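Take a look at the structure below.
Every read-out reported here was derived from the displayed coordinates using simple, explicitly stated rules and does not represent laboratory data. Because the structure is a prediction, the values reported are computed rather than measured. With ideal geometry, Cβ positions are generated from the backbone for all residues, glycine too; neighbour counts draw on all protein chains shown.
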Amino acid sequence: MTTERLVPISIVGARGRMGKTLIREIVLSDSMILEAAVDREGGAGLGQDAGRLAGLHDIGVTVVDELRPRRNSVVVDFSLAHATDANIRRCVEAGVPLVLGTTGLQKSTRELLRTASREIAIVSAANFSVGVTLLTRIAGLVAGSLGESWDAELLEIHHSHKRDAPSGTALRIAKAVAKATGRDLEGVMRTDRAGEHARPRERGEIGVAAVRGGDSIGEHTLMFLAEGERLELTHRAFDRAIFARGALRAARWVASRAPGLYTMADVIGLGDLG
Ligand code: NAD
């Protein structure tokens, strides 16, 4: 009989919507333990028991403001983009793998991730849902089959607190569409069709529109429009626990990987989504 080792996990962004969901999932799991709960300096929740913060019972782990990961643990970061560089460096110093869910990363942070991945294993994903990972793969397959003659447009909806737009997931799906048809997303993406930007749609464009409001956890609809027909591929998230479960699946997976920069597609065995 093989016994899987318990994976100790540090959560960064512990007081946030995702942080609390991650803590709940870890406390309720029998394959992981919460090693640390970290959030930014100051603020009401520091020093509070992480289990209670997450709406459960006391677990003896208090929320702290410094990330100090121990060997053989994994860091899961769902905080804010401006905090990410310091967290990546801490993981490299400590030699521990990182699961990074924070979105809206600067280009310099993405470069730092690539450099860091020579020394530690990192899973970075704008969306840890298995359904969205599959949608991204399907988007590329469909776009490659239909070609540029079908107009590709993407609509994403998120809650009113979301800071970045379009969502990281929308960009990833649009990139898969662009790549499958030999286009460079930066050159063909349209995010604003109003006011001075108004003009008829050009062939080959990929429109990406963002709607913000209410408590929507995340919806992405990729449309392929042609004369007389329209194909729509939609994913709707109803519970943020799906991202937490995906990220923790990634944490268990990455715990024993060689250094490298991995995606959720690697975690679920789909390989590179491009
Ligand atoms: P949130 O605003 O509720 O929580 C962010 C938390 O990070 C807050 O508690 C904040 O105090 C903390 N924080 C800020 N600076 C910090 C620092 N320097 N060190 C440690 N903690 C710090 O946001 P959220 O809804 O929980 O989302 C967090 C991030 O995760 C966002 O970037 C969001 O877009 C992303 N997200 C990713 C996925 C995915 O699947 N990849 C899913 C949902 C959300």
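Numbers for the structure displayed
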quantity: Net length gained if the chain between L141 and L185 were fully extended (0.36 nm per residue, minus Cα distance); calculated: 14.2 nm
quantity: Sites L225 and H197, calculated FRET efficiency, Cβ-Cβ separation with R0 22 Å, nearest 0.05; calculated: 0.65
quantity: Packing rank of 63-70, 136-143, where each peptide gets the mean count of other beta carbons within 10 Å, highest leading; calculated: 136-143, 63-70
quantity: The chain: antiparallel DSSP beta bridges as a percent of all, rounded to 5; calculated: 35
quantity: Angle between the chain longest axis and helix 107-116 axis [Cα atoms, degrees, rounded to 10]; calculated: 50
quantity: Packing rank of 9-17, 235-243, 210-218, where each peptide gets the mean count of other beta carbons within 10 Å, highest leading; calculated: 9-17, 235-243, 210-218
quantity: Shape category assigned to the chain from the gyration tensor of Cα positions, a/c cut at 1.5; calculated: prolate
quantity: Expected 222 nm ellipticity per residue - DSSP helices of 4 or more, -39500 (n - 2.57), all of the chain, to 500; calculated: -10000 deg cm²/dmol
quantity: Helix 241-254 vs. the chain, principal-axis angle (Cα, 0 to 90°, nearest 10); calculated: 70
quantity: Local electrostatic count at G213 - Lys and Arg +1, Asp and Glu -1, tallied over other residues with Cβ under 14 Å; calculated: -1
quantity: Set of aspartates and glutamates with alpha-carbon distance to K162 below 12 Å, sequence-local pairs under 8 removed; calculated: D215
quantity: Euclidean distance of C-alpha centroids, the range 200-247 and the range 115-190, integer Å; calculated: 10
quantity: Tensor-based shape of the range 130-237 (alpha-carbon gyration tensor, a/c under 1.5 rounded, otherwise prolate or oblate); calculated: oblate
quantity: Crossing angle, helix 130-146 versus the chain [Cα axis fit, 0-90 degrees, rounded to tens]; calculated: 20
quantity: Three-way shape label, the range 3-99, alpha-carbon gyration tensor, a/c 1.5; calculated: oblate
quantity: From phi via Karplus (6.51, -1.76, 1.60), per-residue ³J(HN,Hα) for the range 159-166 in Hz, x at Gly/Pro; calculated: 4, 6, 8, 4, 8, 9, 8, x
quantity: Length added when fully stretched, R257-F238, from 0.36 nm per residue minus Cα-Cα; calculated: 3.7 nm
